[in-house]
Amino acid sequence: MVSQTSSRGQARPQTIFFSLQQFWQKRSGDWLPPIIGITVFLVVWQGVSASGLTRLPGPLSLWTDTRTRELLLYPFYDLGGLDKGLFWQTLASLGRVAQGYSAAAVVGISLGVLVGTNVWLNKATYPIFQFLRMVAPLAWVPIALVALQQNQPAAIFVIFITSVWPILINTIEGVRQIPEDYNNVAKVLQLSRKDYYFNILFPSALPYIFTGLRIAIGLAWLAIIAAEIVMSGIVGIGFFIWDAYQQNYISEIILAVIYIGLVGLLLDRLIALLQMKIAPTRK
């Protein structure tokens, strides 16, 4: 029995090692280039910073700087008011994004279906939509503050008005691109409006809708950062960056930018995963 247990104990690490080796052989082509690219980028950045060509600190400053190291090690601290760790700063921004983006998705998809199925309405609203979508997010900030008088609803409105246009326009285009044969079949079968929407319109337009949703989530995340930098006195990653800049804590700004990039990447992948589950690409 001892020999059998010993052999099993030796076999288990060998099995795990073999599985990891197989996994690496399959995935190394996908993982190795990004790892090398990121490493080269960080080395070049550190070299340029060390050479004195720029005052921007290198990536090593994220650990050597005491304040930044504490932010890395203690992202969940909360001392009240605006003095919170980066986790809570990011979570506050994500909460605003969730509200503004959700409202933009509901309005954009609903209005897009309505406009896309009505030729006259499409022609009437096209110049308005194209005009409004060209307005930069920061331009909406003073308008939102004047109209709503409070930072929180104003920030949510800026997210909404920035992210609604790609959802709306892509939904309209998706509805317009439904094959005419599908519409003819619906007329022949005398489908009800509900059956037409759920069996023909939405399945056909979903790829366009999700394209708009993916573009919009990136714009929503960019918009909240810009809005929080302009608006003072609210917890959020944007205000954290502005406060660090005013106090000349450049390493903290770099750390916050890393947080922003990672969260933006995760949000994009989340929408992509949702698209794969709901509207997988046909091959």
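Throughout, read-outs are computed from the coordinates displayed, never taken from laboratory work. As the structure is a prediction and not an experimental result, all values here were calculated from the model. A quick note on method: Cβ atoms are made from the backbone with ideal geometry, for glycine too, and the neighbour counts reach across all protein chains shown.
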Linear extension gain, Arg67 paired with Ser102, 0.36 nm per residue minus alpha-carbon span | 9.1 nm
Treat every Asp and Glu Cβ in the range 120-216 as -1 and every Lys and Arg Cβ as +1, leave all other atoms uncharged, and give the resulting dipole magnitude about the Cα centre to the nearest 20 debye.
-> 100
Selected from Pro127, Phe198, Ile38, residue furthest toward positive end of dipole (the chain; charges at beta carbon) = Phe198
Classify the range 202-283 as rounded, prolate or oblate from the Cα gyration tensor: take a ≥ b ≥ c as the square roots of its eigenvalues, call it rounded if a/c is under 1.5, otherwise prolate when a/b beats b/c and oblate if not.
-> prolate
What is the spin-label model distance, in nm, from Leu121 to Tyr74 if the labels are put 7 Å beyond Cα along the C-beta direction?
-> 5.6
Mean Cα-pair separation over length for the chain, i.e. relative contact order, pairs under 8 Å, 6 or more apart, % = 21
Amide N proximity, the range 156-187 versus Ala139 label position 7 Å along Cα-to-Cβ, cut-off under 13 Å = 162
Pull out a ≥ b ≥ c, the square roots of the eigenvalues of the alpha-carbon gyration tensor of the range 114-195, then state rounded if a/c is under 1.5, prolate if not and a/b is larger than b/c, and oblate in the remaining case.
-> prolate
Rounded to the nearest 500, what is the chain's calculated 222 nm mean residue ellipticity when only DSSP H runs of at least 4 contribute -39500 (n - 2.57) each, over all residues?
-> -27500 deg cm²/dmol
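Are there DSSP H segments in the chain that both extend 30 Å or more along their axis (alpha-carbon positions) and score a mean Kyte-Doolittle hydropathy of at least 0.5? List them, or say none.
Long hydrophobic helices here: 86-116, 151-176, 202-230, 250-278.
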So what's the gap between the Cα centers of the range 72-119 and the range 134-198, to the nearest angstrom?
-> 17
Theoretical gain in end-to-end length, Asn183 to Gln247 [0.36 nm per residue, Cα-Cα removed] | 16.9 nm
Whats the longest run of the chain with zero chymotrypsin sites (Phe, Trp or Tyr not before Pro) that are DSSP loop and have at most 16 other Cβ atoms within 10 Å?
-> 78-283
In what sequence do Met134, Met231 fall when counting other Cβ within 10 Å, fewest first?
-> Met134, Met231
Work out the FRET efficiency for Leu56 and Arg176 from their Cβ-Cβ distance, taking R0 = 41 Å, and round it to the nearest 0.05.
-> 0.30
